[in-house]
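Novice: There's a structure below that I have some questions on.
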Amino acid sequence: MNLKSEELLELVVKAADDKLAQDIMALDVRGLTSIGDYFVVMNGRNEKQVAAIVEAIVEAVHKNKGEVKNVEGKDSGKWTLIDLNDVIVHVFNHEERGYYNIEKLWSDAPMVDISGMVTEQ
């Protein structure tokens, strides 16, 4: 079963939210790059939480018969990239996120309203 990119996006956001990921943002990059439809950017408070968020996302995708193409940087605890084909997920620790500022690099991409996918904080 192939998940639509919107379904994958919601799976990722909910799994991250369940692990209390901070400042989750989704960018619609469909018109800007061919590497995916959405970029999801978030951070954890520390390396342990970053690992838990990554694990929860990978588990949710597998459970829903989605494909995890690649996971990079998992051992560093600073920035992990999860390639889900149509959805590219960036899980940072707090300091690294500010340093790389992915949102600014992709500022031409419209933000996706994910408020219905997360619990209020």
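Novice: Which value, to two decimals, describes the C-alpha radius of gyration of the stretch 1-70 once divided by 2.2 N^0.38 Å?
Specialist: 1.10
Novice: Return the loop-located GluC sites (Glu not before Pro) in the stretch 28-121 (DSSP other than H, G, I, E, B) with at most 12 other Cβ atoms within 10 Å of their own Cβ; answer none if there are none.
Specialist: Answer by residue number: Glu120.
Novice: Counting heavy atoms of the protein chains only and a 1.4 Å probe, report the per residue accessible area for the chain as a whole number of Å².
Specialist: Heavy-atom SASA per residue in the chain reads 58 Å².
Novice: On to the next question. As a quick test, which of the pairs Lys65/Lys104; Lys19/Lys69; Lys4/Lys104 have an alpha carbon distance above 28 angstrom in this structure?
Specialist: Long pairs (Cα-Cα over 28 Å): Lys65/Lys104.
Novice: Let me ask you something else. Count neighbours as other Cβ atoms within 10 Å of each site's Cβ, and list the trypsin sites (Lys or Arg not before Pro) in the stretch 4-49 that are DSSP loop with at most 15 such neighbours.
Specialist: Hits after loop and neighbour filter: Lys4, Arg30, Arg45.
Novice: Something else: Give the Debye-formula value of log10 I(q)/I(0) at each listed q (0.11, 0.12, 0.18, 0.23 Å⁻¹), with one equal scatterer per alpha carbon of the chain, two decimals each.
Specialist: Rounded to two decimals, the profile gives -0.31, -0.37, -0.88, -1.49.
Novice: Tell me, what is the percent relative contact order of the chain, built from C-alpha pairs under 8 Å that lie six or more residues apart?
Specialist: Here the relative contact order equals 31 percent.
Novice: Then there is this: How do Ser76, Ser5, Ser34 stack up against each other in accessible area, from largest to smallest, with a 1.4 angstrom probe?
Specialist: Largest to smallest exposure gives the sequence Ser34, Ser76, Ser5.
Novice: Another question, then. Run the helix sum for the chain: -39,500 (n - 2.57) per DSSP H stretch of 4+ residues, divided by residue count, reported at 222 nm to the nearest 500 deg cm²/dmol.
Specialist: -10500 deg cm²/dmol
Novice: Roughly what % of DSSP beta bridges within the chain run antiparallel, to the nearest 5?
Specialist: If we restrict to bridges inside the chain, about 65 percent are antiparallel.
Novice: Along the stretch 84-92, what does the Karplus equation 6.51 cos²θ - 1.76 cosθ + 1.60 (θ = phi - 60°) give for ³J(HN,Hα), rounded to whole Hz, x for Gly and Pro?
Specialist: 10, 6, 7, 10, 10, 10, 10, 10, 10
Novice: Please name which of Val41, Val61, Leu20 has its Cα lying farthest along the dipole of the stretch 5-105 towards the positive end, using unit charges on Cβ (Lys, Arg +1; Asp, Glu -1) and the Cα centre as origin.
Specialist: Leu20
The values are calculated or read from the model by the stated rules, or taken from the named source; none is laboratory data. These figures come from a predicted structure and were not determined experimentally. Counting neighbours? That spans all protein chains shown, and the Cβs are built from the backbone with ideal geometry, glycine included. Ligands, DNA and RNA are excluded from the accessible area calculation, which covers all protein heavy atoms including side chains. Shrake-Rupley method; radii C 1.70, N 1.55, O 1.52, S 1.80 Å.
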